[in-house]
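The values are calculated or read from the model by the stated rules, or taken from the named source; none is laboratory data. Keep in mind it's a predicted model, so treat the numbers as computed, not measured. Cβ placement follows ideal geometry from the backbone for every residue including glycine, while neighbour counts extend to all protein chains displayed. Just the protein is used for accessible areas: all its heavy atoms, side chains included, with ligands, DNA and RNA removed. Shrake-Rupley method; radii C 1.70, N 1.55, O 1.52, S 1.80 Å.
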Amino acid sequence: MSPSAFKIITVCLFAYLSATGLLNPALADNTDNDDDKSVRITVFAPGKGDVAGIGSRAFLVDISVQFDGNLASTGVTPELTGPGPLANAGPFPGTFSLGANRDHFPGLVVLLSSTTVGAGPGQNVANLFNINAVTNQNAAGTEIWSTWIIGAPNAFGRVGELTPSHLFLAVVEGSAPDVVIDMDGNGILNKKDLRLMGHKLISNTPKVDFVVNGLASGF
């Protein structure tokens, strides 16, 4: 595909998303004034409007999570994991599967609207994150950095296509659910559904609209 054709397709795609409300700026707002802000999530990747990855994989979800308390109070422990032989291997072994990351980051909720595996868009994919590291500790609290590189094709986008996706993140008190249910039946999975499921949110809930690039190359 030529650079000009790729650019035209991308512009048309985002024009369509904007027209249908799927790229409503309110959805990408990282502020949630009615939530407890003892935990603050910052998203470094993907960025709003990014066309990320190649062949529907090789894109990142990269976040930092700032907790008000000490490391012990976060429930987070270091982890370095991945599929196959990388799972449960040293130096920081961890499980690798769909669902909540109960052994290393129990309160994390990560949803991608383009998910085609497991329970689909409501599937919590926190336990697919490869890295959980402690990046700072001081009197103000504890910073955790978590990173996931997507390695499986056709799981979160479609090979040969540009797939719109909506990233949603949250931290809840205690253990996060493996699957978030659309409790109010409005077709949108968000913090309201988590509350209706009985979970207490202790963080902001960042949202990012981007595109999973299923093409062999972007240019």
Do we have any residue at all in the range 45-59 that's at pLDDT 95 or above, part of a loop (DSSP other than H, G, I, E, B) and farther than 24 Å from G122 by Cα? no
Among the numbered criteria (1) farther than 17 Å from I41 by Cβ; (2) open to solvent by 50 Å² or more (accessible area, probe 1.4 Å), which single criterion is violated by D193? (2)
Considering only residues of the range 142-168 that are in contact with a helix residue (DSSP H, G or I) (Cβ under 9 Å, 6 or more places away or on another chain) and in a strand (DSSP E or B), which is nearest to L201 (Cα to Cα)? F168
Expected output for the range 173-185 (first residue in contact (Cβ under 8 Å) with a residue 60 or more places away in the chain, partner open to solvent by 60 Å² or more (accessible area, probe 1.4 Å), Cβ below 8 Å, 6+ apart or cross-chain) is E173/K200; G174/K200; S175/R102; D178/L98; V179/G118; D182/I188
Just need a number here: residues in the range 108-141 that are among the aliphatic types (A, V, I, L, M) and either within 17 Å of D50 (Cα to Cα) or not in a loop (DSSP other than H, G, I, E, B) (or both). 10
Tally time: how many residues in the range 159-182 are under 19 Å from V208 (Cβ atoms) and not aliphatic (A, V, I, L, M)? 5
Restricting to the range 61-93, what's the tally of residues that are of a type in the set (V, I, T) and open to solvent by 30 Å² or more (accessible area, probe 1.4 Å)? 1
Here the qualifying pairs (Cβ atoms under 6 Å; residues six or more apart or on different chains; first in the range 63-81 and closer than 12 Å to T42 by Cα; second open to solvent by less than 20 Å² (accessible area, probe 1.4 Å) and among the hydroxyl-bearing types (S, T, Y)) come out as I63/S146; F67/T74; F67/T142
If we ask which residues in the range 64-107 are more than 21 Å from E173 (Cα to Cα) and not in a loop (DSSP other than H, G, I, E, B), their number turns out to be 4
In this structure, is F96 crowded, with 17+ Cβ neighbours inside 10 Å, under 12 Å from the mean Cα position of the chain (by Cα), among the aromatic types (F, W, Y) and modelled with pLDDT of 95 or more? no
